[in-house]
Amino acid sequence: MADRPPRLLDQVRRELRVRHYSPRTESAYIHWIVRYIRFHGVRHPNEMGVPEVSAFLSHLAVEANVAPSTQNQALNALVFLYGPVLGRPLGELAGVVRARKARKLPVVLSREEVERLLIRLEGSPRLVASLLYGSGLRLLEALQLRVKDLDFARGELTIREAKGGRDRVSVLPEALHEPLKAQIRRVREQHALDLSTDRGWAPLPGGLVRKYPNAPLQLRWQFLFPSARTSRDRRTGRVGRWHMAESSVQRRVKTAVEETQIAKRATCHSLRHSFATHLLERGQDIRTVQELLGHRSVTTTMIYTHVLNRGGLGVRSPLDAE
């Protein structure tokens with residue numbers, strides 16, 4: 001009996017992994033491809049093309065009311081499907097209704113509110129939240145830090161393959177040196193125990209495991225904030241520790257915001273917003289803040305100039321005039 005051709009989704013996964021796409025991207029692309037197929041009555045993508053893709057993307061904008069970034073992610077998934085996977089690159093997508101992006105100012109906490117929030121947190125969530133505010137990290141960037149990414153002598157940390165696939169360096173607050181060193185000691189102890197039970201493997205990005213086969217067992221490659229449980233990696237079959245879940249930190253921060261009665265819709269990302277705004281308030285130049293945040297364009301960073309502690313647009317109210 002002739003071998004059956006691989007299933008479509010298996011083909012997608014194979015092409016994504018050959019190109020070293022992240023597991024999160026793989027999961028997102030699979031989601032959108034399945035949703036696209038179901039939207040058109042479970043027809044095979046080979047039977048469809050540009051009109052069906054345009055109709056699906058327009059549906060997301062008009063009826064599903066998704067954000068522009070969500071629509072773009074769906075588009076990228078379908079471009080990948082028809083390009084590398086099916087060998088039928090999509091041409092120009094005419095008539096697609098684009099999702100509109102509402103301009104919203106970021107939620108920024110005052111220094112006093114940040115202090116109240118951090119005091120309500122404990123353990124790893126508190127240390128993670130402190131890095132979001134103290135170094136301007138995104139939540140996932142903080143959770144994906146490895147032991148080797150901290151440089152206490154230089155007072156800096158390195159964020160690997162951040163948004164856009166680029167590395168960058170940010171400040172490592174002196175106030176966090178001792179708590180982070182204590183965290184590394186806990187990771188070392190846990191890692192030694194995991195090695196004794198053949199569970200001390202850490203997943204490596206891309207194809208690094210082929211280049212450095214022993215690296216996943218080394219302390220320097222362990223996540224700074226490892227998961228409480230070990231798990232089996234679906235790509236390699238090895239057992240080890242991933243980083244702690246984003247939701248575990250998000251829940252703690254949400255609870256802390258409620259307990260401190262902060263009257264703002266603050267989230268983990270608000271701490272990153274507060275980092276940028278407070279630096280600008282202290283007179284830090286916007287180009288430096290742009291580099292620390294990892295923004296491609298200074299235009300993105302300019303949003304924080306609208307929320308500085310100077311009143312609306314930096315104007316003094318006539319009610320306050322002497």
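Descriptive notes on the structure:
- In the stretch 155-173, residue least open to solvent (accessible area, probe 1.4 Å) [restricted to those that are assigned to a loop (DSSP other than H, G, I, E, B) and acidic (D, E)]: D167
- Restricting the stretch 11-37 to residues that are open to solvent by 80 Å² or more (accessible area, probe 1.4 Å) and modelled with pLDDT of 90 or more, the residue that is nearest to the chain's Cα centre (by Cα): H31
- Condition met for R252 (open to solvent by 30 Å² or more (accessible area, probe 1.4 Å) and in a helix (DSSP H, G or I)): yes
- When residues in the stretch 223-235 are screened for being at pLDDT 95 or above and either among the hydroxyl-bearing types (S, T, Y) or assigned to a loop (DSSP other than H, G, I, E, B) (or both), 2 of them pass.
- Test: L127 is aliphatic (A, V, I, L, M), surrounded by 15 or more Cβ atoms within 10 Å (Cβ to Cβ) and either modelled with pLDDT of 95 or more or at positive phi (or both): yes
- Selection within the stretch 160-192 - within 17 Å of A129 (Cβ to Cβ) and among the small types (G, A, S): S170, A175, A182
- When S135, S110 are checked against the criterion of being among the polar types (S, T, N, Q) and more than 23 Å from the chain's Cα centre (by Cα), a single residue qualifies: S110.
- Filter result (without any contact (Cβ under 8 Å) to a residue 24 or more places away in the chain and either within 18 Å of R14 (Cβ to Cβ) or surrounded by 19 or more Cβ atoms within 10 Å (Cβ to Cβ) (or both)) within the stretch 38-74: F56
- Just one of the listed residues (T260, T230) is of a type in the set (S, T, N, Q) and open to solvent by 40 Å² or more (accessible area, probe 1.4 Å), namely T230.
The values are calculated or read from the model by the stated rules, or taken from the named source; none is laboratory data. Note that the structure is a prediction, hence the values are computed from the model and not measured. Neighbour counts run over all protein chains shown; Cβ positions are idealised from the backbone, glycine included. Side chains included, ligands, DNA and RNA excluded: accessible areas come from the protein's heavy atoms. Shrake-Rupley method; radii C 1.70, N 1.55, O 1.52, S 1.80 Å.
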